[in-house]
Structure formats: structure tokens, C-alpha cells
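Asks: Can you keep this structure in mind? I'll have questions shortly.
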Amino acid sequence: MTEAATAKNEIEITVEKKDAASRTFTVTVPAERVRAAEDETTAWYGKRAKVPGFRKGHVPAPVVRRRYGDAIRQSVLEDLLRVSWEQARTRESLKPIGEPHIHNLKFEEGTPLTFELHVDVRPDIALERPGGFHLTRRVTAVAEETVDAQLLALREQKAPWIPADGKAKPGDLVQATIVNLDEAEASAPDPVRFVLGQGRALPDLEAHLMELDVEGAWEGALRFPDDHPDEAKRGQSRRVRVSLHEVKRQALPELTDDFARELGEFDSVAALRAAVRADLEADARRDAEARLRGELVDQIAAANNIAVPPSLLERTLRAYLAAYEVPEEQRDRFASEFRPVAESGVRRELIVDAAAEKLGLAATQDDLETRLAEIAARRGEPPHAVKAALEKAGRLRELERSLTEEKVFAHLLGLSTVEDAPIAR
């Protein structure tokens, strides 16, 4: 093939848009290249097709095209998209995050194949100043009131619900029937059960329920508050009939040594209290460490001018929207409120990835096997069983990522000055 013919068949790839974390290419595959691919694919089908009246491998190309035309074009399209992407990735030395997206595809008979190819890429961060910062680790002291509140929560978890005398009050479990009188045919729905004061019902409804005796009823209008999650109902009113069937109240068990023994291997209330305090103090240390890492990320980002690429921010927000299954009508508000959290998460990932790559701190297979052995020892299970369970749950990659973060932050914190400053509560 001559140089002119080769050039005529080359795929044309042009960078249309780019930022630190994305690329958009316009791609044109010449009609000659498309036709050659179609001929090659048709020949492949022709060698394998079984068509009545023809020997296998001797089916004429026009017959093959008529019989398998759609499959041939789909195969050609997929192959040309793959080749185009491989060429773009190699030429631009891209480090893609996820699969590329195809937009504005035009694939018509006898014309060039054209499309836009968009891909998110990992930014190249220099990380010229990874340390030399002054940081403060602030661990919140655990007050006795906090321990008491946790012990109360444990008692509430074990407290049975028993019928209550008198009118309902916040914290009581009620069973009620609510009939919408604005409906054409107001049929009695199934009773609902909920705890008053937990925000599961309209405030006006709860107020009226607390005025009723058991088996009492109220009829009137209920107004939806202006900040109701369903925008269509905000400020709206409904005529309803509310019937209260049952009120139950928790009977809190006494905080005794017997109660402590029911919860686990605790000989006394003192032992239970000590264990609760130890757990709360461990939580406080973890929270302090998380805040410390956040402070370090902020200082590294500022010192190295690490901006959050718009494409990665939008990608992260889309992931949050999907993970939390946010309804379409609430997505704009959610994205606006969650944007600072997403920005912080992206900055953290960029810094961790850059440090792991440039400083050789990525978790190794030995690191992973060691941590699996530790988890297995705590659970009393063989390491291979723990690994298999994590793989099945799709969490092995998550464990590997956490190990990398531990190594990265241990190294980066060692490059800065960390002062401990307890916080009284």
C-alpha cells in the first residue's frame, strides 16, 4: 500500500477540549477505512456462515451482507471505536479513570464514521511540597454525660414496648389510621405505626394524636410545612380523619449488674461503663485523626495549588447521587449542598494517589496479606476465608485502598509537626 493510500485510511483524532482531568476528542474514520473493515468482517462471516444452497465458506459477499448486515455493521462499529480509543490513549499517554464515553455518533452508509470521545483522566500532580506544615490533633474528651447517654441508648435497645396509660407523648409508639378525605373514595387504609418525635409524621398530625385518647378520632385539615421534602406538597393542606388505636411506651430496664451481664462479658455496671467509655474514647481518637488528615489535605492542596478539576467533581457528584438514590426533583439541591464534601473528597484522592505513586507508598500484596491475617485472627477464621468473603462482597479493593491511605498519611504526617491539644466537653 502506498503512503498516500495509508494516509487516506488513517483515523483522524483531534483534541477538542481538555482540562487537568478530562479530554474530549473528535474522531473521524475515513469512509475507505470503514469500507475495508466492512469487507474484512463480511469475509469473516462468509467463511463461517451456513446458508442453504451454498457450500460453507463459499457464500457470496452480497448474500452475506443481506443476511448478516446489521451484525456486520455493529461489529465494525465496535472494532473501530476500540481502535480509535487505543490510538488516542497511546498518542496522548492518557491515564484513564473509567471507560470513555461516546457522543454525537454518526455512522451512515458510504460516509466517514464520526463521533466525540470523552474520557476522565488522572491529573498529574507535582506535589512539590508534601510536608513542613504545623498541624493540631484535637481529641474531644469524653464526658460522663456522654457515657450516661450511651448507656441509656443501650437500655432503650433492650426496653420492651408495653401499653401506656393516658395520652401519648413524644417517644411513645402509636398505631393510627389516617384517611384522606379529599380523595373521591376515601377508603380506610392499613394502620401505620411510628414513634412520636422522630420526624416520621407531620408535626400537626403528631400534635393532634397527642390530644386523643386511645380509640379516639380527630377530623380536620393538615398542612404540609414549607420545607417538606416533597416540593409538590409544600404549603398544601389535606382534610383527614385520624383514629388512634394504640399507644405503647418503653419500659426501661434498670442499670444493674444483671443487665450488664446480659449485654456481654461484663461482670458489673462498672465494667460495662468502662467498656462504653473505652469505645467512645476510641471513636474520639478516630474522629480526631480524620480531622487531622483533613487539615493536612487542605494545607497540602493550598501549598501545591491543587485545584479540583470540574470533570472529576461532576463525576464524584454523580456517584453520590446514584449511591444515595436521590430523586430527580431533589438532585440540584443535593448537588449544591454536597459540593463542598465532594470537592474535599476529590482533593484527598488526588493527593493520596500522587503520594502513593511518586513516593512508592501504594499497598503491596504483602501488606494486604498481613492485614487479612490480622482480620482473620480477630474473627477466628482462616485468612483465605476472610479474603474470599471480602472478594464476594466487592470490598477487597476497598481494604487495599485503606492500606494505601494509612501508609500515605503516616508518611506525610511524619513530614510535618503535629501538636496534640485535647478538647474538653
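The values are calculated or read from the model by the stated rules, or taken from the named source; none is laboratory data. The model shown is predicted, which means the values in this text are computed figures rather than measured ones. Cβ: placed from backbone, ideal geometry, glycine included. Neighbour counts: every protein chain shown. Heads up: the accessible areas ignore ligands, DNA and RNA and are worked out on the full protein's heavy atoms, side chains in. Shrake-Rupley method; radii C 1.70, N 1.55, O 1.52, S 1.80 Å.
Asks: Looking only at residues in the stretch 12-31 that are open to solvent by less than 20 Å² (accessible area, probe 1.4 Å) and under 33 Å from the mean Cα position of the chain (by Cα), which one is farthest from Glu314 (Cα to Cα)?
Replies: Top of the filtered list is Val27.
Asks: Let me confirm something: among Arg35, Arg67, Arg55, which residue is more than 30 Å from Asp353 (Cα to Cα), in a loop (DSSP other than H, G, I, E, B) and among the charged types (D, E, K, R)? Can you show your working first?
Replies: Values: Arg35 fails: in a loop (DSSP other than H, G, I, E, B); Arg67 fails: in a loop (DSSP other than H, G, I, E, B).
The unique qualifying residue is Arg55.
Asks: Another question, then. Could you grab me the full set of residues in the stretch 311-333 that are closer than 16 Å to Glu343 by Cα and open to solvent by less than 80 Å² (accessible area, probe 1.4 Å)?
Replies: Within the stretch 311-333, Ser311, Leu312, Leu313, Glu314, Arg315, Thr316, Leu317, Ala319, Tyr320, Leu321 qualify.
Asks: Okay, moving on. Could you please tell me which pairs satisfy a Cβ distance under 8 Å, a separation of 6+ or placement on different chains, a first residue in the stretch 93-104 that is under 12 Å from Ser22 (Cβ atoms), and a second residue that is aromatic (Phe, Trp, Tyr) and surrounded by 15 or more Cβ atoms within 10 Å (Cβ to Cβ)?
Replies: Note: pairs meeting the criteria are Pro100/Trp85.
Asks: Related question: Of everything in the stretch 227-260, what is in contact with a His (Cβ under 9 Å, 6 or more places away or on another chain) and polar (S, T, N, Q)? Give them in sequence order.
Replies: Result: Gln236, single match.
Asks: Six or more apart or on different chains, Cβ atoms under 9 Å: show the pairs whose first residue is in the stretch 302-331 and in contact (Cβ under 8 Å) with a residue 60 or more places away in the chain and whose second is open to solvent by 30 Å² or more (accessible area, probe 1.4 Å) and in a helix (DSSP H, G or I).
Replies: Ile306/Arg347; Ala307/Arg347; Leu312/Glu349; Glu329/Glu231; Glu329/Ala232; Gln330/Glu231
Asks: Something else: Among the candidates Ala363, Ala373, Ala377, single out the residue that is farther than 25 Å from Gly294 by Cα and open to solvent by less than 50 Å² (accessible area, probe 1.4 Å). So that I can check it myself, show each step before the final result.
Replies: Working: Ala363 fails: farther than 25 Å from Gly294 by Cα; Ala377 fails: open to solvent by less than 50 Å² (accessible area, probe 1.4 Å).
When all the criteria are applied, what remains is Ala373.
Asks: Now for a different question. Checking the condition under 25 Å from Ala303 (Cα atoms) and either modelled with pLDDT under 95 or not aromatic (Phe, Trp, Tyr) (or both), which residue from Pro422, Pro340 passes? Spell out how you get there, then give the answer.
Replies: Working: Pro422 fails: under 25 Å from Ala303 (Cα atoms).
From the options Pro422, Pro340, the qualifying one is Pro340.
Asks: Tell me whether the stretch 273-282 contains one or more residues that are open to solvent by 40 Å² or more (accessible area, probe 1.4 Å), out of contact with any Cys (no Cβ under 9 Å at 6 or more places or on another chain) and outside any helix (DSSP H, G or I).
Replies: no
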